[in-house]
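A.B. asks: One structure coming up, written as structure tokens, with questions to follow.
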Amino acid sequence: MKTLFSIVLIWFITLASVARDFDNVEIKVTNARANVYMLQGSGGNIGVLATDVGLLLVDDQFAPLATKIESAMKSIVDKELMYIVNTHFHGDHTGSNSHFAHKAPIFAHQKVRERLSNQAAEKSVALPVVTYEQGINIYLSDEQIQLSHFPSAHTDGDTIVYFKKANVLHTGDLFFEIGFPYIDLNNGGSIQGYLTAVRKIIAQMPDDVVIIPGHGKLTNKVRYQAFADMIAYSIKRVSGFIDDGKSKQAILKLGIGENYQHWSWHFITEEKWLKTLIADL
Ligand SMILES: [Zn+2]
Ligand SMILES: [Zn+2]
């Protein structure tokens, strides 16, 4: 009984703090380039294309932020929302789908629809209504928005969104500018696949592309390359330790090395990154 009471109490405290946290969140609008903007609140970075005929939204963070996101969007240009893109299924990128779904169609990779459908029994989710396997182009005003899928990377349903005319890329969670990446091994992600995707994206993007990462600040290809180098180094180091027959504990003790320790952050610490590498390599 006492345990049950504690659980309920913790649950209430958690709920209260989550609600309070979202109350205090403000949506910051940053111009990426031309008519493409980055919106930051809590969760994955949002991309907005603002044209004279309407808006396109890339990812939509958590449900309690939906109305704030909508006001921030309309503050750029007061036009109708025309299209929504989900870069992948995680809640910090799709949480406001339920708010926006009745205003515009949601585009995503087929796996995003599948994974969100599986959650539909527990909570109200709005599903993508246009899905694709490899990718799709959306045309809005004079912009061509290219959606391209990369298999087995952060999840199994990742899409990057490239605004061709503006030359701005939204990577979804195929780029954590903030530090070590989260790789969702339980939902089709893989470390090798992640590095392969990142390298392919870098190779196909123009050098002067402006990048909206999944998490972190507005950035560029030089920083993306540094991120790729960090992942390649991590794979090499930990694979080497595994090949040498080192135990998990020994690898955790040896760490990622002084060149890359500073990529540790509160969500993916050095230890968590090493554990992901050990689990997947
Ligand atoms: Zn994310
Ligand atoms: Zn994610």
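A.B. asks: If you take the residues in segment 172-194 that are within 14 Å of ligand 1 (Cβ to nearest atom) and among the hydroxyl-bearing types (Ser, Thr, Tyr), which one is farthest from TYR132 (Cα to Cα)?
C.D. replies: Step by step, filter segment 172-194, then rank; the result is TYR182.
A.B. asks: Here's another thing I want to ask about it. Of the residues that sit in segment 57-68 and are within 15 Å of ligand 1 (Cβ to nearest atom) and crowded, with 23+ Cβ neighbours inside 10 Å, which one is nearest to GLY135 (Cα to Cα)?
C.D. replies: Checked segment 57-68; the qualifying residue nearest to GLY135 (Cα to Cα) is VAL58.
A.B. asks: Can you list residue pairs whose Cβ atoms sit under 9 Å apart, with the first residue in segment 163-186 being closer than 13 Å to HIS90 by Cα and in contact (Cβ under 8 Å) with a residue 24 or more places away in the chain and the second being among the basic types (Lys, Arg) and within 16 Å of ligand 2 (Cβ to nearest atom)? Count only pairs 6 or more apart in sequence or on different chains.
C.D. replies: Going by the 9 Å Cβ cut-off, the qualifying pairs are TYR182/LYS272.
A.B. asks: State which residue is nearest to PHE163 (Cα to Cα) when the search covers only segment 216-240 and only residues that are within 16 Å of ligand 2 (Cβ to nearest atom) and buried (at least 22 other Cβ atoms within 10 Å of the Cβ).
C.D. replies: PHE227
A.B. asks: Follow-up. Take the residues in segment 145-171 that are crowded, with 24+ Cβ neighbours inside 10 Å and part of a loop (DSSP other than H, G, I, E, B); name whichever of them is nearest to ligand 1 (Cβ to nearest atom).
C.D. replies: Among residues in segment 145-171 that are crowded, with 24+ Cβ neighbours inside 10 Å and part of a loop (DSSP other than H, G, I, E, B), the one nearest to ligand 1 (Cβ to nearest atom) is HIS154.
A.B. asks: Now for a separate question. Give the residues of segment 33-46 that are within 13 Å of ligand 1 (Cβ to nearest atom) and either assigned to a strand (DSSP E or B) or buried (at least 24 other Cβ atoms within 10 Å of the Cβ) (or both), sorted by residue number.
C.D. replies: Within segment 33-46, GLN40, GLY44, ASN45, ILE46 meet the criteria.
A.B. asks: Which condition does LEU185 not pass, out of (1) away from ligand 2 (no atom under 12 Å from the Cβ); (2) over 29 Å from ALA50 (Cβ atoms); (3) under 11 Å from the mean Cα position of the chain (by Cα), if it passes all the others?
C.D. replies: Unmet condition: (3).
A.B. asks: Listed residues ALA197, ALA232, ALA250, ALA228; which is assigned to a helix (DSSP H, G or I) and within 16 Å of ligand 1 (Cβ to nearest atom)?
C.D. replies: That would be ALA197, the only listed residue that is assigned to a helix (DSSP H, G or I) and within 16 Å of ligand 1 (Cβ to nearest atom).
A.B. asks: Look at segment 61-90 and say how many of its residues are closer than 20 Å to HIS149 by Cα and part of a strand (DSSP E or B).
C.D. replies: 3
A.B. asks: Would you check which residues across segment 69-99 are buried (at least 18 other Cβ atoms within 10 Å of the Cβ), over 12 Å from the mean Cα position of the chain (by Cα) and either within 11 Å of ligand 2 (Cβ to nearest atom) or charged (D, E, K, R) (or both) and list them?
C.D. replies: GLU70
A.B. asks: Quick check on my filter: what residues within segment 118-139 are modelled with pLDDT of 95 or more, over 19 Å from the mean Cα position of the chain (by Cα) and not in a strand (DSSP E or B)?
C.D. replies: Listed by number, the list holds a single entry, VAL129.
The values are calculated or read from the model by the stated rules, or taken from the named source; none is laboratory data. Keep in mind the model is a prediction, meaning the values are calculated, not measured. Positions of Cβ are generated from backbone atoms using ideal geometry, with glycine treated the same way; all protein chains shown enter the neighbour counts.
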